[in-house]
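This report concerns only the one structure given below.
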Amino acid sequence: MAWTRDDFTYLTPIPTRWNDNDMLGHVNNVIYYSYFEAVVVRFLMEKCGVDWGEDRYIPYAAENLCRYKKPVAFPEELVGAMRIDKIGNTSFTYDLALFSQKWEEPAAEGHWVHVFVDRETERPVPIPENIRSQLTEFQK
């Protein structure tokens, strides 16, 4: 079953840029990962209060995946969509999608896994409770 925007709990605009296009005239595949990262980082800052420069416990990317469904190109405005899939002790998984204004189904879909670590030791730590409570609000 294909995902729709309604399957997600967090949506944010993602503008494409002229230099995102490759010689084939569509957004280069590696750029999709930067779009996913923008969705994840914005969510963590806006909804969870993560301060990437100052917090003692910070999320590190452990895994990510992108499935390309349909090509997009500048100057499209995309919608980045995210929901929390799984929450463990030290890690959690996002489901992600990018929607074009042209189609109901996603242009790309994937996932991202973050592990919380101590900034100094870079060892996994339990997800801070204030962040865990926010994550549960965005589970679907």
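Things worth noting here:
- Any hit, the stretch 76-96, residues being within 21 Å of Arg17 (Cα to Cα) and touching a Cys at 6+ places or on another chain (Cβ under 9 Å): yes
- Applying the set (1) farther than 21 Å from Val115 by Cβ; (2) in contact with a Leu (Cβ under 6 Å, 6 or more places away or on another chain) to Asp7 leaves exactly one unmet item: (2).
- Any hit, the stretch 111-123, residues being touching a strand residue (DSSP E or B) at 6+ places or on another chain (Cβ under 9 Å), outside any strand (DSSP E or B), free of Cβ contacts under 8 Å to residues at least 24 places away in the same chain and surrounded by fewer than 19 Cβ atoms within 10 Å (Cβ to Cβ): yes
- Residue within the stretch 53-71 that is among the hydrophobic types (A, V, I, L, M, F, W, C), over 30 Å from Gly25 (Cα atoms), in a loop (DSSP other than H, G, I, E, B) and at pLDDT 95 or above present: no
- For the stretch 37-51, a residue qualifies if it is surrounded by 13 or more Cβ atoms within 10 Å (Cβ to Cβ) and assigned to a loop (DSSP other than H, G, I, E, B), and exactly one does: Val50.
- Output for the stretch 72-98, where each listed residue is more than 15 Å from Val40 (Cα to Cα) and either outside any strand (DSSP E or B) or in contact with an Asp or Glu (Cβ under 8 Å, 6 or more places away or on another chain) (or both): Val72, Ala73, Phe74, Pro75, Glu76, Gly88, Asn89, Thr90
- Taken together, Ala2, Ala73 contain a single residue that is over 15 Å from Val115 (Cα atoms) and out of contact with any strand residue (DSSP E or B) (no Cβ under 6 Å at 6 or more places or on another chain), which is Ala2.
- Within the stretch 41-60, residues that are of a type in the set (Asp, Glu) sit with their Cβ atoms under 9 Å from residues that are in a strand (DSSP E or B) and surrounded by fewer than 16 Cβ atoms within 10 Å (Cβ to Cβ), at 6+ positions apart or across chains, in these pairs: Glu46/Thr12.
The values are calculated or read from the model by the stated rules, or taken from the named source; none is laboratory data. Just so we're clear, the structure is a prediction, and the values are computed from it rather than from any experiment. Reconstructed Cβ throughout: ideal geometry from the backbone, glycine too, with neighbour counts over all protein chains shown.
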